[in-house]
Each structure stands twice: as C-alpha cells, then as structure tokens.
Amino acid sequence: MGDVVSNESLANLLKEERRFAPPAELAAQANVTAAAYEQAASDRLGFWAEQARRLSWATEPTETLDWSNPPFAKWFADGKLNVAYNCVDRHVEAGLGDRVAIHFEGEPGDSRAITYAQLKDEVSRAAHALAELGVRKGDRVAVYMPMIPEAAVAMLACARIGAAHSVVFGGFSADAIAARVQDADAKVVITADGGYRRGKPSALKPAVDEALGRVEGVEHVLVVRRTGQDVAWTEGRDVWWHEIVERQSAEHTPEAFDAEHPLFILYTSGTTGKPKGILHTSGGYLTQAAYTHHAVFDLKPETDVYWCTADIGWVTGHSYIVYGPLANGATQVMYEGTPDTPHQGRFWEIVQKYGVTILYTAPTAIRTFMKWGDDIPAKFDLSSLRVLGSVGEPINPEAWVWYRENIGGGRCPIVDTWWQTETGAMMISPLPGVTATKPGSAQRPLPGISATVVDDEAREVPDGGGGYLVLTEPWPSMLRTIWGDDQRFVDTYWSRFEGVYFAGDGAKKDDDGDIWLLGRVDDVMLVSGHNISTTEVESALVSHPKVAEAAVVGAADETTGQAIVAFVILRGHAAAEAEGDTDALVAALRDHVGATLGPIAKPKRVLPVAELPKTRSGKIMRRLLRDVAENRELGDVTTLTDSSVMSLIQAKLPAAPSED
Ligand code: WT7
C-alpha cells in the first residue's frame, strides 16, 4: 500500500444480504459440481493433472509441477503438445469440422461464419506464410490488429510454429508499439490497413510504420486488408496477407513443443515504470484457460453460443476469445466495433441475432449500459442468454443486480471472475451450477486454486476482516517471469510476503469466508486512521438510484489525513432532472453513503461529471482524479481513452461545494 496507509486492516463497511441460488436446471446438468472443490483440496496436483488430460498431448506429461526453484515454476515439464493443434485440428479430426468456430460481426454490419475446418486451413496457411517470412521456433512476432478473425488466426499461426506472439492493443500509439517490439526483439509485425471504429475506418498501419522508423530488427510487416484504406508501402519489408497466405498449402504438420515453451508475451502497463512483458508458456496455460472456460461458463460446445466482448489485445481476449474457447471447441461471436455504433443497442442486437447464450463483459460496459437506460436492452430478445460473466474491476453490487435483471432477465447466474494478466486465467469466481451468488463478490478460489487475504504481517485475516489478496500455491497458468527481467519478476510479485504471490489488490473476507475484491491497494484511502477502499464507497454511490457510475479518491486533508472526494455520473433521467442545480442531489448522495457505510465513509465532496477518465481497457484512472482533487498539475494522460475528459472535469472543480 502507499505511504499513507496505516497498519490497521482494510475497513469492512459494506454488507450485502442478497443471495441468488443457481438455477435448478443448470445445476442439474452442470459441467462442474461441488465435488470438484473437495477433489482438488484433497489432491491439488492430481486435480490439475486430470485437467491437463482434457488436452491432446503428443507426449503425455508424467510430472505435474516442478517447484524446486520458486518462484520459477514448471508445469507438466516433460509433456509435449502443440497449442494450435489443440485449438483447431483436433476438433476437425473429431468430426466437428463443420461447426462454426467464429461468427464474425464487423462494425459496418458485414458478417462471416468460420468453421473449425476453415480455421484449420487458414491457420495452416498462415503458419506456412510466417515460415516463408523467416519466422522460426523461439522467435517473437508482434501483432497489432483490429478485432477481426485474422487476429486470432495470426496468434494461432505463431503458436503452431512455436513463435511467441506479443499482441499490442490496436488502440495504442506508435510509441507503445516501438517499446514492445524492441523489448521482445520481434522479427515480424502482423497488422492491418485499419479496422472500423465508431462508424469509420481507423488506420493501424501508419502507427506501425512510425514505430518501425525507430526500432531495428523487424524484417517483415504482414498486412491484412480490412478497410481498403491507402497505406504507405515499404518494398521488401511489407507483404499483403492475402498475397502470401492464400497461396500456401492448407496442409501443415504441427510440431509438438515442450509444455514450458513460450506461447506469448503480453505487456501490462502497471502504474509506474516501463511496461512489464508478462510471459506465458504452453501446457499449463492452456490447461487452466480451457478448464476455467469449461467450468465457469458451464460451456456446452454443442449448443452454446459464447461471446466475450473484450479486445484480443487484452489477456481476456487471449484466454477467453482465442485459447480457452477454441481449445473447448466452442462456437463464439467476435465483434469488431464499439457498443454504440450505429446505436446504443448494438450489443443486444448481436445477442438476438446469434442467439448468444453466454456473455462475458466488463463492469465499465455494464455501468455504461445502466447510464444509457433500461429501455435500450428491453427492445431486444435476450431470452437465449443463460450465463453472464464479469471481469476487469470489482463489479458494484447495484451494477451486478442491474445486469442480472436487465440483461439476464432475472434468470441467469452471474460469474464475477477475478484474475490478472499475470495469472493467465480465472482464479476466483463462482461456479454457475454450484454457488449461491452474492452481488459484488467473486466469492471463492476455483478448484485447484489457493487464494486468501492476509494482513500486513502476512497473517491470514479472520472472516469479516480485510487486507491483501495473495495466492499461496502455484497454479498452471501463472506467469513464468517478466520477459528479460527475472529480478523484476521476483521483486514485483514475490517479495512483499515471503513465498506467496502478492496480487496488488485489496480484499476482504465476509462472515461466510467469501472473498470481495476492493481495488488496487495503491487506491486505498486513509481517513482519520481508517483504511477505506475506494470500491466500497463507489458501490455505495452506485446503489443510489440516480447514480450510474462513481470514482472515489482520497485527497490530502489537514484534519483527516485524506478526505473522500467522489466523482459521479448520473443515470440518464437523473442528469436531465438535476440540470443546473445539483446541490440537493449532492447532499442526498453524501447522506446516502453515510447511511450505507457509516459516517467515516461519507464523502467530503461529490462532483457530478459527464465522463470519467479511463484506461483503454476501461479501468478508472483514480491517479488523475487525485491530481484534480488536490489541485495538482495532471500526471501522464497518454494512456487515457479520451484526454478531453480531464479538462471537462477540471472545469467543474472551483464551483464544487465543500461541506462539513
Ligand atoms: C486487475 C488485473 C483479468 C483480465 C482483465 C484485467 C482487477 C480483474 C476483477 C474482478 C475485482 C478485478 C484487479 C486485478 N480485476 N477482475 N472480477 N473483481 N477486480 O486484467 O489488466 O491484468 O488487471 O484487474 O485489480 O488485479 P489486468
């Protein structure tokens, strides 16, 4: 935690009494039952060895975990497999070649259905093309793509030939590409002319061209034609995807690689310093990605239509668009664009069109839909949905309930899945056929996962207590290191508490021992000697019927150490009503938080705003709001989705009432 944090544990203020039992029909046929917890508890490694057998191995592993040199783990070390074979070929061999793997929906409304047989041919051709461009086992390939099927094909083609991919989110700048290409020493970059965003073509290749003007070592740029935009062309270096891939053979024999062979590097920005290249390897990663996708979504590949709305540039897209679902032979939807193009019901139109049964999205999106209003999803037939997922941030209980009612029709279980780029796959989550869910809680470590909450001295907190989330045993999809920097890996994750992984998140256990995530520990506030989580105050604000979204920060205060400052976005109707005069509403919101969490958590200031600053993956950037609340010059705004948001917020500040 930051300097200001006291030694006392994180306050546990929010009480949630609502419970939702799993639907009886789902529970009766669930892929995973309560027995899995017991089985994994009695033999954790045996449990994971069994899950590894859900994959097809060229050489079956006989060893499960080598933890002789912690924190450097080896899982299934003597096993060999090909990850792309597991995601594609084996389904075709099993007679499922005609099953749709990807229903692609372009933002302009174009669509394509790609079967497993077609995917196998395309991945095979792309693998040959990469080999022709000189890519070999052990090389790195950067991928900078829109959300089109070729992005998944590119990743699988790398996996097929044993080259590690490093996907750079398509919204990032030339600087970000250059830094990542350089750090991983990538040999080839795969990109597109552009993709469609907000109703128009948005170029990608110019950023690659600019980045490659600054770094050495890239021999070729492979370019998918998506938008038909004009592109600058470097002869000898640049190659059109359709020219090189289409002329290759669709027959490609996948080589088996060691289970610990690198699969991908994915950079996380972290709060400070240079991005960390999180390294994931093959057998353990795929085992946990596939198992969790099967268990947590109760995937029935013959009948389900699954849709994860994340971008392929984030780990969610890696594990739950590409590797988990495809390893399980799922049929999924992939959507290129934004949720409000051409109208605010686009997501629900897609659910209706494809009969989506499992939807996986983020709290930031859910709160945006709340703000847009209940009447929008109400216009569509969402009755196909049966399981809903959430990931990326703590989900406020009220947003959870809104999701359940307005999207899930009151009948779908919600799985709030806690994990990180570093963990590679889900770690803490309800199981939809087992868990009686609680709005706002990720609840229990999944079978085979050991997580708990500890205090400053690494002592496990009792039920009802708060502190730091730690992972106490290695898990198959854990990061293996930070690319090129083992010491930073040890320092960042394994040094805060001896022998355990520190996730950087605050958490509490409720009276039943269920885990509630409370946000990054850097965001925890210290008010009059009490550590208060931003998440709890935000959730209290969102539980007011007029609030859609809230961001809370601690600002330096002479009397209390820090004072709570809240920025709120009102729901559509409330914003219109409050037009001009928000004093009464602000007072009501302060009282509401005081009544919900107790007087200690009552915000000193509440500022209604139109937008909040968010990272490109949708997380609120509290650091910038702290700068505003403390009247400081703004820190780095380059990772913001929309940098004009901050000037709008700053403009509001002088007029803000400050009471008590
Ligand atoms: C951080 C990891 C996991 C894939 C997407 C984000 C926060 C993530 C939850 C959740 C509360 C969550 C944590 C975590 N987070 N899921 N269900 N409840 N917080 O990956 O960018 O590596 O971020 O996201 O703070 O540490 P990431």
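The values are calculated or read from the model by the stated rules, or taken from the named source; none is laboratory data. Fair warning: this is a prediction, and the values are worked out from it, not measured in the lab. Cβ atoms come from the backbone with ideal geometry, glycine included; neighbour counts cover every protein chain shown. Ligands, DNA and RNA are stripped out before the accessible areas are found, and what is left, the full protein with its side chains, is counted by its heavy atoms. Shrake-Rupley method; radii C 1.70, N 1.55, O 1.52, S 1.80 Å.
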Original post:
So who's got an amide H within less than 5 Å of the one on VAL415, skipping anything under 5 residues away but keeping other chains? H placed 1.01 Å off N, in plane.
Top reply: LEU388, GLY389, SER390
Subject >> Projected-area mean, the range 7-494, by convex hull of Cα positions, square nanometres >> reply: 22.4 nm²
Subject >> Hz values of 3J(HN,Hα) by residue in the range 452-457 - Karplus curve (6.51, -1.76, 1.60), Gly and Pro given as x >> reply: 7, 10, 10, 8, 3, 9
Original post:
How do ASP510, ASP43 stack up against each other in accessible area, from largest to smallest, with a 1.4 angstrom probe?
Top reply: ASP43, ASP510
Original post:
Using only helices, what value at 222 nm comes out for the chain when you add -39,500 (n - 2.57) per DSSP H run of length 4 or more and divide by the total residues, to the nearest 500 deg cm²/dmol?
Top reply: -7500 deg cm²/dmol
Original post:
Put +1 on the Cβ of every Lys and Arg and -1 on every Asp and Glu Cβ in the chain; which of ALA442, TYR144, PRO430 then has its Cα farthest towards the positive end of the dipole?
Top reply: TYR144
Original post:
To the nearest 10 square angstrom, what accessible area does LEU382 show with a 1.4 Å probe?
Top reply: 20 Å²
Original post:
For the range 36-110, what's the relative contact order in percent, using C-alpha pairs closer than 8 Å and at least 6 residues apart?
Top reply: 21 percent
Subject >> Bins of 5 Å, starting at 0 and running to the largest distance - Cα pair percent for the range 306-404 >> reply: 2, 12, 23, 27, 21, 10, 3, 0
**OP:** Using the Karplus curve 6.51 cos²θ - 1.76 cosθ + 1.60 with θ = phi - 60°, work out ³J(HN,Hα) for each residue of the range 187-193 in order, rounded to whole Hz, and write x for Gly and Pro.
**Re:** 9, 10, 10, 10, 9, 9, 4
Subject >> Descending Cα extents along the principal axes, the range 419-540, whole Å >> reply: 43, 43, 25
Subject >> Computed label-point distance, nm, for sites GLU255 and ASP66 using a 7 Å Cα→Cβ extension >> reply: 2.0 nm
Original post:
Under a point-charge model restricted to the Cβ atoms of Lys and Arg (+1) and Asp and Glu (-1), what is the dipole moment magnitude of the range 7-494 relative to its Cα centre, in debye to the nearest 20?
Top reply: 660 debye
**OP:** Describe numerically, in nm with one decimal, the distance between label points set 7 Å from Cα along Cα→Cβ at ALA595 and at GLU243.
**Re:** 6.9 nm
Subject >> Solvent exposure of the range 536-592 as accessible area per residue, Å², 1.4 Å probe >> reply: 36 Å²
Subject >> Dimensions (Å) - the range 524-652, Cα atoms, principal axes, largest first >> reply: 37, 36, 25
Subject >> Residue-level accessible surface for GLU63, protein heavy atoms, 1.4 Å, Å² >> reply: 80 Å²
Original post:
Taking a temperature of 25 °C and a viscosity of 0.890 mPa s, what whole-number D in µm²/s does Stokes-Einstein yield for the range 105-208 with Rh from Kirkwood over alpha carbon pairs?
Top reply: 171 µm²/s
Original post:
Cα gyration tensor of the range 553-629, axes a ≥ b ≥ c as square roots of the eigenvalues: rounded (a/c below 1.5), prolate (a/b > b/c) or oblate?
Top reply: oblate
**OP:** Summarise the long-distance tail of P(r) for the range 14-66 by giving the % of C-alpha pairs beyond 15 Å.
**Re:** 65 percent
Original post:
Peptides 399-411, 559-571: what's the order by average Cβ count within 10 Å, highest mean first?
Top reply: 559-571, 399-411
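Using Cα-Cα distances under 8 Å and only pairs 6 or more residues apart, what relative contact order does the chain have, in percent?
14 percent
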Subject >> Pairs from LYS120/LYS300; LYS74/LYS276; LYS438/LYS509; LYS276/LYS509; LYS509/LYS604; LYS300/LYS508 whose Cα-Cα separation, in the structure shown, is over 23 Å >> reply: LYS276/LYS509; LYS509/LYS604; LYS300/LYS508
**OP:** Keeping all protein chains in place, calculate the accessible area per residue for the range 163-320 (probe 1.4 angstrom), answer in Å².
**Re:** 36 Å²
Subject >> Area accessible to solvent at TYR267, 1.4 Å probe radius, in Å² >> reply: 20 Å²
**OP:** Calculate what fraction, in whole %, of the accessible area of the range 7-494 sits on carbon and sulfur atoms when a 1.4 Å probe is rolled over the protein chains.
**Re:** 47 percent
Original post:
Taking amide H positions as placed 1.01 Å from N in the peptide plane, with prolines and chain starts having none, which residues 5 or more places from GLN332, or on another chain, fall under 5 Å of its amide H?
Top reply: ILE102, HIS103, TYR306
**OP:** Could you grab the relative contact order for the range 431-503? Cα pairs under 8 Å, six or more apart, rounded to a whole percent.
**Re:** 24 percent
Subject >> Amide H partners (placed H, <5 Å) of GLU549, local residues excluded >> reply: ILE569
Subject >> Under the Karplus curve 6.51 cos²θ - 1.76 cosθ + 1.60, θ = phi - 60°, whole-Hz ³J(HN,Hα) for the range 240-256, x wherever Gly or Pro sits >> reply: 6, 3, 5, 6, 8, 6, 5, 8, 7, 6, 8, 9, 8, 8, x, 8, 8
Subject >> Alpha-carbon Debye profile of the range 514-580, log10 I(q)/I(0) at 0.28 Å⁻¹ >> reply: -1.14
Original post:
Which of the trypsin sites (Lys or Arg not before Pro) found in the range 415-504 are loop residues per DSSP with 16 or fewer other Cβ atoms within 10 Å of their Cβ?
Top reply: ARG459
